[in-house]
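Below is one structure, written out as structure tokens, with a few remarks after it.
The values are calculated or read from the model by the stated rules, or taken from the named source; none is laboratory data. Owing to the predicted nature of the structure, the values given are computational and were not obtained by experimental measurement. Here the Cβ positions follow ideal geometry from the backbone for every residue, glycine too, while neighbour counts run over all protein chains shown.
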Amino acid sequence: MMAFIAGACTKDKGDPPVLPPATSMTIDFSNFTSLVKSAETRSVKGENNSAWEFAAVPVVFWKYVVNTILYIPVASFKVTIDQNPVYVAEKTWEWKYSTTIENINYQTRLNGQITGNEVKWKMYITKQNGFTDFLWFEGTSALDGKSGQWILYQDNENPNVKILQIDWSAIDGSTIPHVTYTYVKEGFNSGNFIEYGPLSVTGSQYNSFYKIKYSHALTEKTYSIDVEWNSGTKKGRVKSPDYLLGEWYCWDSNRINVSCN
């Protein structure tokens, strides 16, 4: 009789929720690195790599966000989701791991609770000789693990300050996810965003895109920017109503300006 009851309790646990992929937090910035000059200093079409630079300036800002705000949470999340979960409460599972990042140990604890038609996630991180069980990010995802949202908090000294919202979805048949970062902390950059995803336009030579809203600190202007590029050839183009009459401007695989015809 006792064996039957124990078996029934085990069965009632069900399966752990489907984990969001590591790509739910990441955007590919690899085609927009090594920025040398500010695109604000350019004004003439065809001058060196001005088109690529205009696209790269806001991307470098978001790359900075990734290297600061997202670095520890993303690195911790990637290794934690590779672990086996433990059932801890009703419809709630926990993934735990200990990892070392830049010679500092971090203890991670990811809780996933199935609630109705979604999963609620909470990621707690403890830093060696630092903070304990800081809720660095939380979010929700669909039961199939193909879409969701993350909210990241600034740091352990400002645990209630939301700084970044990530909306994400997996695209069937594509290795490129659809991910949007939105800066939600009050201030100059509030509301700025970068949207990234696959570009599936028949006959197009490009396979990836960004849609960007970016506030430039020096000019105090806000730009709306469209960027399209090929992740293989590195060729791309950029368009903005605030950049040379809102037309497309293109670059080749060496980032040099070329005609879009």
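Just checking, which of 111, 84, 105 is in a strand (DSSP E or B), of a type in the set (S, T, N, Q), over 23 Å from the mean Cα position of the chain (by Cα) and at pLDDT 95 or above?
105
Find all pairs meeting these conditions: Cβ atoms under 8 angstrom apart; at least six residues apart or on different chains; first residue within segment 67-95 and farther than 20 Å from residue 14 by Cα; second residue part of a helix (DSSP H, G or I).
Partner pairs satisfying both residue conditions: 70/25; 73/25; 74/22; 74/25; 74/66; 77/22; 77/25; 78/22.
For segment 137-156, what are the residues that are out of contact with any Leu (no Cβ under 6 Å at 6 or more places or on another chain), over 26 Å from residue 15 (Cβ atoms) and modelled with pLDDT of 95 or more?
Across segment 137-156, the qualifying residue is only 153.
Restricted to segment 178-205, and to residues that are of a type in the set (Val, Ile, Thr) and not in a loop (DSSP other than H, G, I, E, B), which residue is surrounded by the fewest Cβ atoms within 10 Å (Cβ to Cβ)?
So in segment 178-205, the residues of a type in the set (Val, Ile, Thr) come out as 179-180, 182, 184, 194, 201-202.
Checking the rest, the ones that are also not in a loop (DSSP other than H, G, I, E, B) come to 179-180, 182, 194.
Numbers: 179: 21, 180: 18, 182: 16, 194: 24.
Within segment 178-205, the match that is surrounded by the fewest Cβ atoms within 10 Å (Cβ to Cβ) is 182.
Looking at (1) aliphatic (A, V, I, L, M); (2) part of a loop (DSSP other than H, G, I, E, B); (3) buried (at least 16 other Cβ atoms within 10 Å of the Cβ), which one does residue 212 not meet, given that it meets all the others?
(2)
Of 98, 147, which residue is on the phi < 0 side of the Ramachandran plot, without any contact (Cβ under 8 Å) to a residue 24 or more places away in the chain and either under 19 Å from the mean Cα position of the chain (by Cα) or surrounded by 16 or more Cβ atoms within 10 Å (Cβ to Cβ) (or both)?
Working: 98 fails: either under 19 Å from the mean Cα position of the chain (by Cα) or surrounded by 16 or more Cβ atoms within 10 Å (Cβ to Cβ) (or both).
Result: 147 is the single residue among 98, 147 that is on the phi < 0 side of the Ramachandran plot, without any contact (Cβ under 8 Å) to a residue 24 or more places away in the chain and either under 19 Å from the mean Cα position of the chain (by Cα) or surrounded by 16 or more Cβ atoms within 10 Å (Cβ to Cβ) (or both).
Between a residue in segment 235-261 that is on the phi < 0 side of the Ramachandran plot and among the hydroxyl-bearing types (Ser, Thr, Tyr) and any residue that is at pLDDT 90 or above and part of a loop (DSSP other than H, G, I, E, B), which pairs come within a Cβ distance under 8 Å, given they are 6 or more apart or on different chains?
249/260; 253/233; 253/234; 253/235
Please determine whether any residue of segment 164-177 is farther than 30 Å from residue 229 by Cβ and surrounded by 16 or more Cβ atoms within 10 Å (Cβ to Cβ). Break it down into steps so the answer makes sense when it comes.
Residues of segment 164-177 farther than 30 Å from residue 229 by Cβ: none.
No: segment 164-177 contains no residue that is farther than 30 Å from residue 229 by Cβ and surrounded by 16 or more Cβ atoms within 10 Å (Cβ to Cβ).
Which numbered condition in (1) closer than 20 Å to residue 22 by Cβ; (2) free of Cβ contacts under 8 Å to residues at least 40 places away in the same chain; (3) not in a strand (DSSP E or B) is the only one that residue 165 fails?
(3)
For segment 171-190, what are the residues that are in contact with a Pro (Cβ under 7 Å, 6 or more places away or on another chain) and either touching a residue at least 60 places away in the same chain (Cβ under 8 Å) or under 14 Å from residue 65 (Cβ atoms) (or both)? Please lay out each step first, then the result.
Start the filter on segment 171-190 by keeping residues that are in contact with a Pro (Cβ under 7 Å, 6 or more places away or on another chain), which leaves 171, 174, 176.
Of everything in segment 171-190, just one residue is in contact with a Pro (Cβ under 7 Å, 6 or more places away or on another chain) and either touching a residue at least 60 places away in the same chain (Cβ under 8 Å) or under 14 Å from residue 65 (Cβ atoms) (or both), namely 176.
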